[in-house]
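Just so it is clear, none of the values below were taken in a lab; they were calculated from the coordinates. If you're wondering where the values come from, they're calculated on a predicted model, not measured in any experiment. Note that each Cβ is placed from the backbone with ideal geometry, even for glycine, and that neighbours are counted across all protein chains shown.
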Amino acid sequence: MIWGFEKVEMPDAYHIPVLLHETIAHLNIKPNGVYVDGTFGGGGHSMEILKRLGAAGKLIAFDQDEAARANVPDDSRVLFVPHNFRHLKRFLQLHGIKEVDGVLADLGVSSHQFDEAARGFSTRFDAALDMRMDQRQERTAADVLNGFSEAQLHKLFEQYGEVTNAKTLARTIVTARNIAPLQTIEGFKTAVHDVVKGNPAKYFAQVFQALRIEVNDELGALKELLEQLPQVLKVGGRAAIITFHSLEDRLVKQFFKKGTFDEVDENPFEMTTVVNPLKAITKKPVEANAEEVKRNPRSRSAKLRVAEKVAV
Ligand SMILES: C[S@@+](CC[C@H](N)C(=O)[O-])C[C@H]1O[C@@H](n2cnc3c(N)ncnc32)[C@H](O)[C@@H]1O
């Protein structure tokens, strides 16, 4: 489930929002409500929320990439939080907000992050192997490539990238870095050149996706966000999550279904009733229609799931 080949549709645009109308419609925006956009980016989704909010409404916009701040509108209803959404509850508390009417997360990286060569996300440019969304974080893609064991690299490329020859790739990386540490995109591509399988653009897109997910602990952050939803949503409040990877979608689906990641004790002699405070609104994920996929190829692997907090 890899998304896009980084086809740049509009080089000037920071990011084209995906499933925009579907997401906003599902959030049921109340004019005086409080909403969280966990992934502000270019602000495409946020702008639509703001259009529907009245003077008393509020939007808390998170983005761990400082570059997103440049897109924040001069609007007293907006509060920008330049941090990872895994700290959602903590920052809401810090700003005196107990509960919110809706939470949106449009996961992954923005087109802007891909298009900035120096960020190291794109296979199209040569740059340092960076891939950090949050530049305050220490660990880069180079650290992962040079520091992970062969077994860890194998698992990483297999699970996050669905790379068919993940084991061979891991071994090749270890052999190469024993000669000299891997520091740049071109250096890395040259070092593994002989084991590339199939279409090189597709192969490297999968490899880079896996590295990016690891560097930014994307699955860990998503899990933590999901676990906070029952605590921060008001009854009737909604969460809309857009994913681009099957592992992410599985986490969202599982959490919306059970309301927990904890193993439920299936002891038939004990009456343990686990009550799920979330109700899935979308039985199947909402996907982009043909027109949107044509206009924005990045949308073709987007999956939107929505849940509502219910009274228990
Ligand atoms: C796909 S873009 C969002 C685009 C946005 N919806 C728009 O319409 O422009 C994802 C953005 O979320 C940020 N991001 C990704 N994961 C994050 C996380 N765990 N915490 C905070 N920001 C995150 C990225 O830095 C990026 O700017």
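I need the shape label for the range 64-114. Rule: rounded when a/c is under 1.5, else prolate if a/b > b/c, else oblate, with a, b, c from the alpha carbon gyration tensor.
Working: a/c = 1.99, a/b = 1.46, b/c = 1.37.
Judged from the Cα gyration tensor, the range 64-114 comes out prolate (a/c at least 1.5, a/b above b/c).
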Query - Summed residue charge, Cβ within 14 Å of residue 43's Cβ, Lys/Arg positive, Asp/Glu negative - result: -4
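Ranked highest first by average number of other Cβ atoms within 10 Å, how do 104-113, 274-283, 245-254, 297-306 line up? Can you show the working numbers first?
Details: 104-113: 24.0, 274-283: 14.3, 245-254: 18.4, 297-306: 21.9.
Output ranking for 104-113, 274-283, 245-254, 297-306: 104-113, 297-306, 245-254, 274-283.
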**Report entry** Candidates 178, 146, 84: whichever shows maximal mean-square fluctuation once the chain is modelled as a Gaussian network with Cα springs under 10 Å
**Finding:** 178
Query raised in the report: When the chain is fully extended, how far beyond the present Cα-Cα distance does residue 311 get from residue 52, taking 0.36 nm per residue of separation?
Result: 90.7 nm
Report task. May I ask you to compute the full-extension gain from residue 143 to residue 167, defined as 0.36 nm times their residue separation minus their alpha-carbon distance, rounded to one decimal in nm? Result -> 6.7 nm
Report task. For residue 199 paired with residue 32, estimate the spin-label separation in nm (one decimal), with each label point 7 Å from Cα along the Cα-to-Cβ line. Result -> 5.3 nm
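In whole percent, what relative contact order does the chain give with Cα contacts below 8 Å and a gap of six or more residues? Intermediate values should be presented prior to the final figure.
Working: 534 pairs, mean separation 67.3, N = 312.
Worked out over the chain, it gives 22 percent.
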Report summary line: Ordered by number, the GluC sites (Glu not before Pro) in the range 130-194 that occupy a DSSP loop and have at most 11 other Cβ atoms within 10 Å are 138
Report summary line: Per the helix-only model, the chain has a calculated mean residue ellipticity at 222 nm (DSSP H runs of ≥4, -39500 (n - 2.57) each, divided over all residues, rounded to the nearest 500) of -11000 deg cm²/dmol
Requested in this report: Would you tally the net charge around residue 276, using a Cβ to Cβ cut-off of less than 9 Å, leaving residue 276 out, and scoring K and R as +1, D and E as -1?
Outcome: +3
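Could you give the dipole magnitude of the chain about its Cα centre, charging the beta-carbon of Lys and Arg +1 and that of Asp and Glu -1, in debye to the nearest 20?
Numbers: 41 positive and 42 negative charges, 125 e Å.
In total the dipole reaches around 600 debye.
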**Report entry** Listed residue pairs exceeding 20 Å between alpha carbons, taken from 197/253; 98/234; 253/279
**Finding:** 197/253
Requested in this report: Could you pull out every whole DSSP H run in the chain that spans at least 15 Å of Cα extent along its own axis and averages 0.0 or higher on the Kyte-Doolittle scale?
Outcome: 166-179, 200-215, 218-232
